[in-house]
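Data block below; observations after.
Every number in this text was worked out from the coordinates using simple rules, so none of it is lab data. Quick caveat: nothing in here was measured; it's all calculated off a predicted structure. Here the Cβ is made from the backbone with ideal geometry for all residues, glycine too, and neighbour counts use every protein chain on show.
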Amino acid sequence: MKKNANNGKTGERYNTPKRRKTSSKNTEIEEYLSIHYEFRYNTILGRTEYRSRANSNFTKVGRYEINTLRRELDNDVEIITSSDNLYSIIESSFSPRVNPIQEYFKRLPLVDVSSSSPFSLKAIPELVSCVLVCNSDKWLQHLTKWLVAVVANAMDDRECRNHTCLVLTGEQGKFKTTFLDLLCPPALHGYSYTGKIYPQEKDTLTYIGQNLIVNIDDQLKALNKRDENELKNLITCPMVKYRMPYDKYVEEHPHLASFVAAVNGNDFLTDPTGSRRFLPFEVLSIDIERAKAISMDNVYAEAKALLNIGFRYWFDDDEIAELYRESEEFQVQTAEMELLLRCFEKPTDDNPHCSYMTTTEIITYLGYYTHHPLSLKHMGEALRRTGFEKVSRRRDGRSLIYVYKVRKIQPCPLLDSCSSQMP
């Protein structure tokens, strides 16, 4: 006679003396499940998963899987149970809470790193050598820092440890996106996202909380100002808030993801003040087949070893200042920059005559010839980037003011465009 796990009743008459039960039906269910399967509660996805003892991959437990297990219990050990009862067993302490990404890094083999120098490593330099970039002197150092930061960030449930987005720029068809996808190890292939993100949408927060790598594919150029600022905030926010599937409430979750991006072309930065969030490298070529053959387990084992000996994966003040300088070649040329270069030039030894103008005066002067609104901030950045000399002077005996030494190009090159627009 089949056992009913929901009420424990049998066909025995009520006047039959009750025997002491050696085990409950739920205990028998748990014993059967433990013999044939391994269960875990995936804390990243907020879902229970299982696998057979002969399988190495976990599968999410859904309605189909529950009904399959009910049939097995009925056919193999003659236990009838409801879906709700089976769910109540599986979605409990019966399934230990596991963070699969942290477990992956914990299981990586120990690597003897004799020093914190990236040059003492093997797998990471081999990966680096697969990509030929223009600014190659920083490629090994910066990619090593980024890889170690990936591990540090994944192992920290309270803070974001990777504050930079690795960006590969250059011509289309150079395997930039493919290479960046390889940075997620095969064992964690289900924990990466490649595509466009929209910072204002809730799905983006889920991507950050449930993926090791978020690969922004050819979108950085198209972001508007608001989304660009939001993205920079998302790269560094310590926690993200969203509602897990099947949960009732919005809750905080660790910032798990590290960011990468591919850009066709080179100019994508519009705000120099936020350029320290990006590590851009112009790609000349990628040996993608050799990159595919490299063990990412070995790469991250070395990154983990560097983290354990105290390798500094973050950028100090001097390095951040250098990032600002190096990022200038990836800056989008603003209207202010174009007008400045078109209408002004720097004094030279041969022709030292110049005017002393404030940023506001330069914009006012250009405003006579163009109807486009100009930004004081962008003009100041353009003056700094192009190297116009900034000095302090007194006017009419008043307080010191800061002005730039400039020479107006005469006649103003914008006169032609102004006259062509006149009726």
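Just to check I understand the Karplus step: with θ = phi - 60° and J = 6.51 cos²θ - 1.76 cosθ + 1.60, what whole-Hz values come out for the range 399-409, glycine and proline as x?
My calculation for the range 399-409 gives 5, 5, 10, 8, 9, 10, 7, 9, 10, 6, 7 Hz in order.
Quick check on the exposure proxy: order His36, His253 from fewest to most C-beta atoms within 10 angstrom.
Numbers: His36 14, His253 20.
Ranked by crowding around the Cβ, least crowded first: His36, His253.
Residue separation times 0.36 nm, minus the C-alpha to C-alpha distance between Arg385 and Thr59: what's the value? Could you put the intermediate results ahead of the total?
Details: separation 326, 0.36 × 326 = 117.36 nm, distance 5.38 nm.
Computed gain between Arg385 and Thr59 is 112.0 nm.
Which of (1) 243; (2) 121; (3) 146 is the computed volume of the Cα convex hull per residue in Å³ for the structure on display?
(1)
Only sites in a loop by DSSP and with at most 12 other Cβ atoms within 10 Å count here; which trypsin sites (Lys or Arg not before Pro) in the range 75-146 make the cut? Before the final figure, lay out each step's value.
Values: sites: Arg97, Lys106, Arg107, Lys122, Lys138, Lys145; in loops: Lys122.
Answer by residue number: Lys122.
Given the chain, what percent of its DSSP beta bridges are antiparallel, to the nearest 5?
If we restrict to bridges inside the chain, about 50 percent are antiparallel.
Which value, in debye to the nearest 20, describes the size of the charge dipole of the range 110-244 about its Cα centre when Lys and Arg Cβ atoms bear +1, Asp and Glu Cβ atoms bear -1, and nothing else is charged?
Value, rounded to 20: 260 debye.
Shape verdict for the range 166-259, please, from the Cα gyration tensor: rounded (a/c under 1.5), prolate (a/b greater than b/c) or oblate. Please list the in-between numbers first.
Details: a/c = 2.38, a/b = 1.38, b/c = 1.73.
Note, shape of the range 166-259 comes out oblate.
For each of Glu201, Glu65, count neighbouring Cβ atoms within 10 Å of the residue's Cβ, then give the residues from fewest to most. Let's see the in-between values first.
On the way: Glu201 10, Glu65 16.
Ascending number of Cβ neighbours within 10 Å: Glu201, Glu65.
Quick one: which of Lys122/Lys145; Lys176/Lys304; Lys145/Lys225 span more than 22 angstrom between C-alpha atoms?
Pairs exceeding 22 Å: Lys176/Lys304; Lys145/Lys225.
Identify all lysines with a Cα-Cα distance to Lys390 below 18 Å; exclude those on the same chain that are fewer than 8 residues away in sequence.
Filter leaves Lys346, Lys377, Lys405, Lys408.
³J(HN,Hα) across the range 350-364 via Karplus (A = 6.51, B = -1.76, C = 1.60, θ = phi - 60°), whole Hz, x for Gly/Pro?
6, 9, x, 4, 7, 10, 10, 10, 7, 4, 5, 5, 5, 5, 4
Note down the magnitude of the dipole of the chain about its Cα centre, charges +1 on Lys and Arg C-beta and -1 on Asp and Glu C-beta and zero elsewhere, to the nearest 20 debye. Each step should come with its number before you reach the end.
Details: 56 positive and 57 negative charges, 319 e Å.
Dipole magnitude for the chain comes out near 1540 debye.
Give the residue from Met379, Val133, Leu279 lying farthest towards the positive end of the charge dipole for the chain; charges sit on Cβ (+1 for Lys and Arg, -1 for Asp and Glu) and the dipole is referred to the Cα centre.
Leu279
Lys/Arg Cβ at +1, Asp/Glu Cβ at -1, dipole of the range 102-330 taken about the Cα centre: which of Met296, Val260, Leu168 is farthest positive-ward?
Met296
Could you give the length gained by full extension between Ser93 and Leu110, i.e. 0.36 nm per residue of separation minus their alpha carbon distance, to one decimal place? Can you show the working numbers first?
On the way: separation 17, 0.36 × 17 = 6.12 nm, distance 3.09 nm.
Full-extension gain reported as 3.0 nm.
Amide H to amide H under 5 Å from Gly265: which residues, 5+ apart in sequence or cross-chain, H placed 1.01 Å off N in plane?
Answer set, sorted by chain and number: Gly170, Glu171, Gln172.
For Arg342, put the label point 7 Å out on the Cα→Cβ axis and report which residues of the range 361-389 keep their amide N under 14 Å from it.
366-374
Select from Val250, Trp314, Leu231 the residue farthest towards the positive end of the dipole of the range 102-330; place +1 on Cβ of Lys and Arg, -1 on Cβ of Asp and Glu, and compute about the Cα centre.
So the residue we want is Val250.
For the chain, what does the relative contact order come out to in percent, with C-alpha contacts under 8 Å and a separation of six or more? Walk me through the numbers on the way to the answer.
On the way: 629 pairs, mean separation 65.8, N = 423.
So the answer I get is 16 percent.
May I ask you to sort Arg384, Arg398 by Cβ crowding, counting other Cβ atoms within 10 Å and putting the fewest first?
Arg398, Arg384
Given +1 on the Cβ of Lys and Arg, -1 on the Cβ of Asp and Glu, and no further charges, what dipole in debye does the range 254-313 carry about its Cα centre, rounded to the nearest 20? Please report the intermediate quantities before stating the final value.
Working: 6 positive and 7 negative charges, 54 e Å.
The calculation lands at about 260 debye.
Step through the residues of the range 325-337 one at a time and calculate ³J(HN,Hα) from phi using the Karplus curve (6.51 cos²θ - 1.76 cosθ + 1.60, θ = phi - 60°), rounding each to whole Hz and writing x for Gly and Pro.
5, 5, 7, 4, 6, 9, 6, 6, 6, 7, 4, 4, 5
Can you pull out the chymotrypsin sites (Phe, Trp or Tyr not before Pro) in the range 314-423 whose DSSP state is coil and whose Cβ has at most 11 other Cβ atoms within 10 Å? Before the final figure, lay out each step's value.
Details: sites: Trp314, Phe315, Tyr324, Phe330, Phe344, Tyr356, Tyr365, Tyr368, Tyr369, Phe388, Tyr402, Tyr404; in loops: Trp314, Phe315, Tyr368, Tyr369, Phe388.
For chymotrypsin sites (Phe, Trp or Tyr not before Pro) across the range 314-423 that sit outside H, G, I, E and B with at most 11 neighbouring Cβ atoms in 10 Å, the list reads Tyr368.
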